[in-house]
Each structure stands twice: as structure tokens, then as C-alpha cells.
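Values quoted throughout were computed directly from the atomic coordinates according to the rules given, and no laboratory measurement underlies them. Here the structure is a predicted model, which means the values were calculated and not measured. Here the Cβ positions follow ideal geometry from the backbone for every residue, glycine too, while neighbour counts run over all protein chains shown.
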Amino acid sequence: MNAPPSTPAGTAAQAPAEILSVTRPSPLLEPQLRAAFTLHDRLHESDPAAFAAVAPRIRGIAASGESKVSAELIASLPALEVISVMGVGYDGIDVAAARARGVMVTHTPDVLNDDVADLALALMLATARQIPLADHHVRSGQWAAAGPLPLARKMSGARLGIVGMGRIGQAIAQRAAAFNMAIAYTARSAKPGLPWRYLPSAQALAAESDFLVLITPGGAGTRHLVNAQVLAALGGSSAERGILVNVARGSVVDEAALIDALERGVIAGAGLDVFADEPRVPERLRALPQVVLAPHIGSATRATRQAMADLAQANLAAHFSGQTPPTPVPECRGHG
Ligand code: 8YV
């Protein structure tokens, strides 16, 4: 979808709005941005002097779910009106600073629910059934040389705890139901109308879970929600230790405590798509065979990234044609 620059019929053509990309733009979004706007691609990082010259004209920011947009950057852009995040998570954006300036923040919810839920199930299975090790066992010739792999962990019928019961959490629960898993969740409050059991804290949930899946928003409110105590509780009194899967944000887990728990066998394994300091992943974590690692690919399919790019562009196009963007972040709803 290519949104045309906003020029009401019968009026003189206006110069396209100037947009700052704070991340390397997705190849699915960049052509749309260039067709509709004047795009300054990471100019604040690559050429601060040139950035200072154009900063007063920048009216929009294009960001990704991992981008940082600080109060300082917002303050340096006096004409800023809108920040469009290509991602559902926006914990790197200082939304309070944006709102204080009347700047609209938008994101791309829903279109990625299926992919992130699919990846959560894939990491649960890959970790429990040691798929990367099994693949290596065959490729390396170990199967013929050393015989079968050690036995793995059964997933069907196990207890699943989900931390965060938004739209993606519900998509994960629906998939897990097909594996006959006993599903419970924690969230800020119980969600009326859902068939799954609510527990009031991550620690209480961990104590009743074989698999603990994290899909809660990042940011200050959930920082290190999964700490040493929660990891120690995982699996409860079961003879088998639990498995942690994180498809949320690296900040939700105390990564040092996680590495310690894995090294000491406090938990059985982990499937991780997100990390504390991406793309840097600690060597100690990378050395552990009971861990399955992915480079933040929750939404990384062609179909979903296309839908996300189109929605990120539609949010900018709507704003600059004087309409309310389709998907403002909750804090900006009703402020369009
Ligand atoms: C992407 C994400 O990494 O949606 C999010 O919050 O973390 C991911 O989908 C990213 O935002 C793609 O631009």
C-alpha cells in the first residue's frame, strides 16, 4: 500500500512531510516512506551536524519495536507530531514525553499475533524435544557413531503458565489447548470470560507450571519480573524442572539470574527470542546446550512484516491527512 502525500484536491501541492527513521527501516516499509515523505535515514546518528539543520522540520519518526526514542530526542524535534512504531511493543518510546508535547504514538498490534504465538509454541517444542541438538546429532554423524540422543521432555499434557494474557497470550493458549496442556496465566488482573485459571503472581504461576511462557509488554513495570525466586519456583514439586520461554522482551527476565539457574540446573532449559542487550547475547548463555536461541524473529515472516509495514505507513498517512491513525497506542487513544 502506498499512501500518497496528503494534498487536498484543488489546493497547491505541499512539500512532503519530513520523517526521521531512528532504525534501519524494513525493506518493506522504506519504499513506502520514500514515496510519501522526505526520509532522513538515521541522520541523528550518522551526521549530527546535518541532523541539527533539519531537526526543526521533522514532523514524524519511523521506529521499530526495538527502537529507543528518548525524551531528549523528542525535545530536539520542535515540529514533531507523530511517532509510528512498526511493532506491537513500544517500551523504548518515552510515551509520557510524547504525550506531554501532544505527539501521537502509533504501533502495529494484532497483525503479528499468529506469528509470535507460533514461535512461542515452536520454542516450547524445540526446547523440550531438543530439536537443535537432534539436528546436530544427525548432521555431525554422531547418530551412527554414538547412538541415540538422551531422552527428551514430553510437552503434550504438561502444565503451561502464560505471563501476560493480551491478544498474543490468548493465541498461545489456544494453540497449547490443542496439545492438551493445562493452562493458567497471570496478568495485572484476571480477564473475565477466559476459560483459563488466573494466578496473582509470576511466582505463584511458576510453581504450578512445567512451561512458563512470557508475553507481557516490556518497560519499567515488568523489568526483571522473572527473577531468581520465580526461576526457583518453576516446576513446583514436579520431579522434572521447568522450561522458560521468552517471546516478550529481554528486560522481563533477570538474565544473570537466568544464566545462573540454567548452569545450576534450577530450571531444565529455556527457549529465548529476546535478550537484555540485543544483538549481544552473553557467551555463557550461548554455551548452554539446553537453551534454544533465536534472533528476535517473533514477527519475522514475509506476510506479517508486510502487514506491519503497511499499518505503520497507514498510521503516518492518516495522521498527515488530518485523520485519526488506525492504531494509536492505548495511552494516545482519544487524543488524535
Ligand atoms: C519486531 C517486536 O522485532 O512487534 C514487536 O514489538 O518486537 C517485533 O515484532 C520489530 O518491531 C520489527 O520492526
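Some observations on this one:
- In terms of surrounding Cβ atoms within a 10 Å radius of their Cβ, 302, 57, 153, 249 rank from fewest to most as 302, 57, 153, 249.
- Dipole moment magnitude, nearest 20 debye, the range 113-293 about Cα centre, only Lys, Arg, Asp, Glu C-beta charged: 340 debye
- Projecting the Cα atoms of 89, 231, 288 onto the charge dipole of the chain (Cβ charges, centred on the Cα centre) puts 231 farthest toward the positive pole.
- Most fluctuating residue given options 247, 213, 54, as computed from a GNM of the chain linking Cα atoms under 10 Å: 54
- Rounded FRET efficiency, nearest 0.05, which uses the C-beta distance separating residue 101 from residue 333 and R0 of 25 Å: 0.90
- If the chain linking residue 30 and residue 57 were pulled fully straight, counting 0.36 nm for each residue of separation and taking away their Cα-Cα distance, it would gain 7.8 nm.
- Considering only 35, 171, 123, and ranking their Cα positions along the charge dipole of the chain that arises from unit charges at the beta-carbon of Lys, Arg, Asp and Glu, the one farthest toward the positive end is 171.
- Count Lys and Arg as plus one, Asp and Glu as minus one, and take only other residues whose Cβ is under 13 Å from that of residue 290; the net charge is then +4.
- Value in Å of the Kirkwood radius, where the chain supplies the Cα pairs that are averaged: 21.5 Å
- Comparing 317, 220, 122 in a Gaussian network model of the chain where C-alpha atoms under 10 Å apart are linked, the largest mean-square fluctuation is found at 220.
- Considering only 125, 231, 194, the Gaussian network model of the chain with Cα springs below 10 Å gives its largest mean-square fluctuation to 194.
- For residue 240 and residue 287, the difference between the fully extended length at 0.36 nm per residue and the C-alpha to C-alpha distance is 14.7 nm.
- The chain: relative contact order in percent, alpha carbon pairs under 8 Å with at least 6 residues between: 17 percent
- Cα gyration tensor category, rounded, prolate or oblate, for the range 113-293 with a/c compared to 1.5: prolate
- Zone of residue 131's modelled label, taken as backbone nitrogen in the range 174-189 under 18 Å from a point 7 Å along Cα→Cβ: 174-181
- Helix-only arithmetic for the chain: the sum of -39500 (n - 2.57) across DSSP H runs with n ≥ 4, divided by the residue total, places the mean residue ellipticity at 222 nm at -9000 deg cm²/dmol.
- Fully extending the segment from residue 204 to residue 42 would add 53.9 nm, taking 0.36 nm per residue of separation and subtracting the current Cα-Cα distance.
- In a reduced charge model with +1 at each Lys and Arg Cβ and -1 at each Asp and Glu Cβ, the range 165-251 shows a dipole moment near 340 debye about its Cα centre.
- Distance between the C-alpha centres of the range 149-172 and the range 87-105: 32 Å, rounded to the whole angstrom.
- The charge dipole of the chain, taken about its Cα centre with unit charges on the Cβ of Lys, Arg, Asp and Glu (plus for the first two, minus for the last two), comes to roughly 560 debye.
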